[in-house]
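Below: the structure, in structure tokens.
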Amino acid sequence: PQTFYLKDYTPFGFDVESVELTFKLAPTATRVLSRIRFIPQENAASSDFFLHGEELELISAAIDGTPVQVEEVDGGLNCAVPSTPFLWEAEVEINPKGNTALEGLYMSNGMYCTQCEAEGFRKITYYPDRPDVMSTFKVRIEGPEKVLLSNGNPTASGEGWAEWHDPWPKPAYLFALVAGDLINHPDHFTTKSGKDVDLNIWVRPGDEGKCAFGMEALKKSMTWDEEVYGREYDLDIFNIVAVDDFNMGAMENKGLNVFNSSCVLASPETSTDANFERIEAIIAHEYFHNWTGNRITCRDWFQLCLKEGLTVYRDAQFTADMRSEPVKRIEDVIALRARQFPEDQGPLSHPPRPEEFQEINNFYTATVYEKGAEVIGMLKRLVGDADYYKALDLYFDRHDGQACTIEDWLSVFEDATGRDMAQFKRWYSQAGTPKLKVSDNFDAGTYTLTFEQSTAPTPGQDIKDPRVIPIAVGLLNDKGDEIQPTRVLEMTQATQSFAFDGLAAKPVPSILREFSAPVILERDTTNTERTFLFAHDTDPFNRWEAGNALAKETRLAMITAGEAPDSAYLDALIKLVRDDTLDPAFRALVLQAPGQSDLAQTLHARGQVPDPQKIYDASETFTQTLAQALSDSLPRLYAATTVDGPYSPDAEGAGKRALNARILSLLTRLDAGEQAQRQFETADNMTLQYAALACLLKADKGADASASFFDQWQEDRLVMDKWFALQISCAEPEAAARIAKELTTHPLFTLKNPNRFRAVMGALSGHHAGFHQISGAGYTLLADNLIALDALNPQTTARMCAAFQSWPRYDTARQELIKGELQRIATTKGLSRDTNEMVTRILN
Ligand code: HT7
Ligand code: ZN
């Protein structure tokens, strides 16, 4: 397979002045007519006229009205063209119904929809399908469907046809078309300059009652982007469409966002608080792309984090503003450690701006997205809020309408702040999570912190240069008063010391507050100091972090030294959980057990071989001990999580219900599921019902509840995804693969719906001890299903191969089992380029 390199970038030798497309829709034989005006560039590096095209049947091609001969090659066509501006016309035929890869134009439950990012437009017609080629689009859609949508503004329509014009030049990856018998949830928004915008959420009949929350989220996002970034919407209409079969969460097509229905449809009865929060964030994310991604796009796909890192950062700011800043930060760090750290520390490690790929779809990763966002957060911390927004204003002014690079992005920071960004740029080019070792010294009133940074080699990158690391530090005295408010230390060298003068006694340091950089902090510290910070740190993130470190250390001591749960930690935890002055959402996070995969990674990093079953057993023992130690308070704590009045997905109610789930799971260990059964029977919203079902299943008392849940919700696809996943994630380790296997034979299981596939296979691979059972049953089941899915949907298959990435952590027997399955996948006949690249990278 061909490898693409960042260093090989060359511009396309032609400008595209305008694009006109006509779609004559038919399920297995859609005709696409294109009229594209090309202008050869003066002094172009290359005058080769190559148009991308895949799975297209070429019917005709003409230049300036005269039929031309083209050379059809793998991946596109070549054609001799004039050296002056010309009109390219082509007609192709495509088969949307046969398109199970869900890229290009495909059908989902009888509706047509498109997914063009990253390189799907080439499955619609011949085109220079690269993000640096931008043009205006006029689209005519002909078909019997009631609703015919494309990008931009509607210009004309009649029975069986509609025309759209998008005046904003865009790359082809932002093209979209939707056609179906859909129903809209309408609203409107007046922008800050007084422009009225029609808003719609389009859904299949039956789903119209699940749009109101998404619409509110959209309006909040529009207001927020005006207020915080000064960005206004720029078309007369903004459409969102919900689609059931979708490879990822959502897509920011200009003026026509397409959403996985799981990321937009919500109702109290069918969605959990976590679903509501995620939907709000994804709606915001896609909307924010209108400026960071669409108006300013990427020059090439190596620059993907330019739009994704920045937009994730923006959506996190939005969620923090709408809900709770510390809670959002803690949630994001938990997710970063669970998803990005394993990537960064394993065979798939790559920098936020990769330098080579075979299949770009494989680089929509936690590193590009989440680490990309962390990099923006560090930039903001280093330059300060005022200079950050100054740089962003310059970015929007200078680059509106352009396809940009990370160099362009860093230049606006250099120009707005006068700083040299050369060293900071290493965050974009170097892979791996830096380790930050800390030591301290107190002498004659001066407290000195010394940091040493190092990053282990990653595939293709042996040597790592020191990065700029913003380290937010505060100091506390022995009573817990803050004697040094948060100060951001700017580390630039491999080893560097920072002094704090004028102190009466040795302080307690609170280091890396707000998780100010995506690093692994290593400090020889005591559980006594951690317990002190857990009780007193004035930075909520670091307060949680101290508890998290204690939670990990106590489990690690149980696993490696057979110790009992640490009693000082238990006491501190109980005290904190009982403290009603603290936010219930924060207390729920403090009660959240550290991820078992994270514990495995930590053991591996300490030179030990993790045993998944032992990790599971320690976690269970700890929770059982906690339940007993907290038993007197559990009924009161449980009662205090009751939310009066009708369900509302706001942060306050959600926080109480998050705590409800934690307390109920502890109670269930003591009352044999009585309270959970009551909650299951009386719940009037999915959050409470789901939490109760999870507790019952975990206690092996869930058979009846599970059956009644199924009866109640079998018609609801999204709730059924929860039902599939929960049975696996709540199973005992030795049962997880067997249950997952049984579920793959359930009549409602299908390879054709990525949500359903992820519900089952994602729950299996996310059940650490279940997936890693020494029998290898989990590995085999996942590999069997990946092989089956690859023939239909390479993109989703390849993404799910990442479940195998952590194989080097485990014992030889498990390593051999996993490698055997990876080899089996790799040698499957006709394996896709996507999956082949993933398994090859994981194995090497
Ligand atoms: N920019 C989008 C990324 C994307 C995607 C979305 C759906 C299906 C396939 C896709 N390939 C790439 C989503 C986002 O980051 O907002
Ligand atoms: Zn995005």
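Just so it is clear, none of the values below were taken in a lab; they were calculated from the coordinates. Model, not experiment: these values are computed from the prediction. Cβ: placed from backbone, ideal geometry, glycine included. Neighbour counts: every protein chain shown.
Under unit Cβ charges (Lys, Arg +1; Asp, Glu -1), what dipole magnitude, rounded to 20 debye, does the range 435-517 have relative to its Cα centre?
Details: 8 positive and 11 negative charges, 37 e Å.
My answer is approximately 180 debye.
Just grab the label-to-label distance for Q608 and T538, each label 7 Å out from Cα along the Cβ direction, in nm (one decimal).
Here the answer is 3.7 nm between the modelled labels.
Report, to the nearest 10°, how far helix 304-322 tilts away from the longest principal axis of the Cα atoms in the chain, using its own Cα long axis and a range of 0 to 90°.
50 degrees
Can you tell me what share of the DSSP beta bridges in the chain is antiparallel? A percent to the nearest 5 is fine.
So the antiparallel bridges in the chain amount to around 80 percent.
Can you tell me the relative contact order of the chain? Whole percent, Cα pairs under 8 Å, sequence separation 6 or more.
Worked out over the chain, it gives 8 percent.
For the range 24-81, what size does the Cα cloud have along each of its three principal axes, sorted from largest down, in whole Å?
Between the extreme Cα coordinates on each principal axis of the range 24-81 lie 44, 26, 17 Å.
Please name whichever of P186, G293, A763 sits farthest to the positive end of the charge dipole of the chain, dipole taken about the Cα centre and charges placed at Cβ: Lys and Arg +1, Asp and Glu -1.
The listed residue farthest towards the positive side: A763.
Please report the relative contact order for the range 435-517, taking Cα pairs under 8 Å with a sequence separation of at least 6, and give it as a percent rounded to a whole number. Write out the running numbers ahead of the final one.
Working: 159 pairs, mean separation 28.8, N = 83.
Relative contact order of the range 435-517: 35 percent.
Helix 812-826 versus the longest principal axis of the chain: what angle, 0 to 90°, nearest 10, using Cα atoms?
The answer is roughly 10 degrees.
Enumerate by residue number the chymotrypsin sites (Phe, Trp or Tyr not before Pro) in the range 7-48 meeting two conditions: DSSP loop (anything except H, G, I, E, B), and at most 16 other Cβ atoms within 10 Å of the site's Cβ.
On the way: sites: Y9, F12, F14, F23, F38; in loops: Y9, F12.
Those satisfying the criteria are Y9.
Got a sec? Charge dipole of the range 297-429, +1 on Cβ for Lys and Arg, -1 for Asp and Glu; which of M421, I330, P354 is way out at the positive end?
I330
Ranked from highest to lowest mean number of other Cβ atoms within 10 Å per residue, what is the order of the peptides 322-330, 819-827? Let's see the in-between values first.
Numbers: 322-330: 20.0, 819-827: 17.0.
Ranked from most to least packed, the peptides come out as 322-330, 819-827.
Going Cα to Cα from K380, which lysines come in below 27 Å? Please leave out same-chain ones fewer than 8 positions away.
By straight Cα distance, K380 reaches K192, K219, K220, K307, K328, K371, K390, K425, K435, K437, K464.
Based on the alpha carbon coordinates of the range 435-517, what radius of gyration and maximum Cα-Cα distance (Dmax) apply, in Å?
14.5, 49
Hey, how many Å between the Cα centroid of the range 613-649 and the Cα centroid of the range 498-532?
The range 613-649 and the range 498-532 have Cα centres spaced 30 Å from each other.
Pairs of Cα atoms under 8 Å, at least six residues apart: use those to get the relative contact order of the range 1-151, whole percent. Before the final figure, lay out each step's value.
Numbers: 304 pairs, mean separation 44.2, N = 151.
Over the range 1-151, the number comes to 29 percent.
Using +1 at the C-beta of Lys and Arg and -1 at the C-beta of Asp and Glu, which of P509, A551, N477 has the Cα lying farthest in the positive direction of the dipole of the range 460-584?
Checked the options; the winner is A551.
With a 10 Å radius around each residue's Cβ, average the other Cβ atoms per peptide and rank 562-571, 246-255, 143-152, highest first.
Highest to lowest by the protection proxy: 246-255, 143-152, 562-571.
Nearest 10 degrees, 0 to 90: what angle lies between the long axis of helix 777-790 and the longest principal axis of the chain (Cα atoms)?
Helix 777-790 sits roughly 20 degrees off the main axis of the chain.
Highest first, please rank the peptides 58-67, 228-237 by the mean number of other Cβ atoms sitting within 10 Å of their residues.
Details: 58-67: 12.9, 228-237: 16.9.
By packing density, highest mean first, the sequence is 228-237, 58-67.
Give me the percent of DSSP beta bridges within the range 1-181 that run antiparallel, rounded to the nearest 5. Show your work: numbers first, answer last.
Numbers: 57 of 64 bridges.
If we restrict to bridges inside the range 1-181, about 90 percent are antiparallel.
Just the C-alpha atoms of the range 392-481: what Rg/Rh do they give, with Rh taken as the Kirkwood radius? Mind dumping the intermediate values first?
On the way: Rg = 18.7 Å, Rh = 16.7 Å.
So for the range 392-481, dividing Rg by the Kirkwood Rh gives 1.12.
Please pull out the direction-averaged projected area of the range 714-844, using the convex hull of its alpha-carbon atoms, in nm² to one decimal place. Write out the running numbers ahead of the final one.
Details: hull surface 29.3 nm².
Mean shadow area of the hull around the Cα atoms is 7.3 nm².
With a point put 7 Å past each Cα toward its Cβ, work out how far A444 is from N109 in nm, to one decimal.
That separation, rounded to one decimal, is 7.4 nm.
Can you work out the FRET efficiency for the pair L58 and R426, with r the C-beta to C-beta distance and R0 = 35 Å, to the nearest 0.05? Before the final figure, lay out the partial values.
Values: r = 46 Å, r/R0 = 1.32.
Calculated transfer efficiency: 0.15.
Taking N as the number of residues in the range 166-311, what is its Cα Rg relative to 2.2 N^0.38 Å? Each step should come with its number before you reach the end.
Values: Rg = 14.7 Å, N = 146, 2.2 N^0.38 = 14.6 Å.
With N residues counted in the range 166-311, Rg over 2.2 N^0.38 Å equals 1.00.
Let me understand the chain better: what is its radius of gyration from the alpha carbons, and its Dmax, in angstrom?
Cα only, the chain: 27.4, 88 Å (Rg, Dmax).
Rounded to the nearest 20 debye, what is the charge dipole size of the range 663-761 about its Cα centre when +1 sits on each Lys and Arg Cβ and -1 on each Asp and Glu Cβ? Provide the component values of the computation, followed by the final result.
Details: 11 positive and 13 negative charges, 93 e Å.
Here the size comes out at about 440 debye.
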